[in-house]
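See below for the structure under consideration.
Bear in mind these aren't lab numbers, they're just calculated from the coordinates by the rules spelled out. No experiment lies behind these values; they were computed from the predicted model shown. Cβ placement follows ideal geometry from the backbone for every residue including glycine, while neighbour counts extend to all protein chains displayed.
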Amino acid sequence: MKEFWLGLDKLHNLTAGTPTRYEVRVDLQTANESAYAVYDSFQVASSKERYRLTVGKYRGTAGDALTYHNGWKFTTFDRDNDIALSNCALTHHGGWWYKNCHLANPNGRYGETKHSEGVNWEPWKGHEFSIPYVELKIRPHGYSGEHVLDRKKWTLGENSRTF
């Protein structure tokens, strides 16, 4: 299993620190199925704003899970920025832009089938199924892949659980 986390400061510098508009694509796979979600804008605010998430219009086959998290600050084990009674990062095993708590949780516990504790994308597989493969990627909005930068694809995370 491979994991890669770019980091919130780097995400902020890339998505909010430049005039370029970015989009995010989420690829989800099980042994027999796959689905995707694309949001036409993706931005992470600064640490002063607690890395608030902004996503745009959804399209895809996985169902719209990230719009629920739009506008929320990043919650970690030691920084509870959600509105739930408990800290969602503790309850759901990883940091994320939790609200009360989540519809999407790529940082959940791999293979966990207890309600909302696994790797979840609720509109696609619900909260009791832990998705074995999740990949989140960003790129400049409208990027066609035909430019010189084609060999540099911005990947935020690749594996079954990490963004």
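The trypsin sites (Lys or Arg not before Pro) found in the stretch 1-83 that occupy coil by DSSP, while having at most 12 further C-beta atoms within 10 Å, are 2, 57. Projecting the Cα positions of 58, 12, 101 onto the charge dipole of the stretch 8-142 (unit charges on Cβ atoms of Lys, Arg, Asp and Glu, taken about the Cα centre) puts 12 furthest along the positive direction.
With the contact rule set at Cα under 8 Å and sequence spacing of 6 or more, what percent relative contact order holds for the stretch 8-142?
Value for the stretch 8-142: 23 percent.
A simple count of charges around residue 17, restricted to other residues whose Cβ falls under 11 Å of its Cβ and scoring Lys, Arg +1 and Asp, Glu -1, yields 0.
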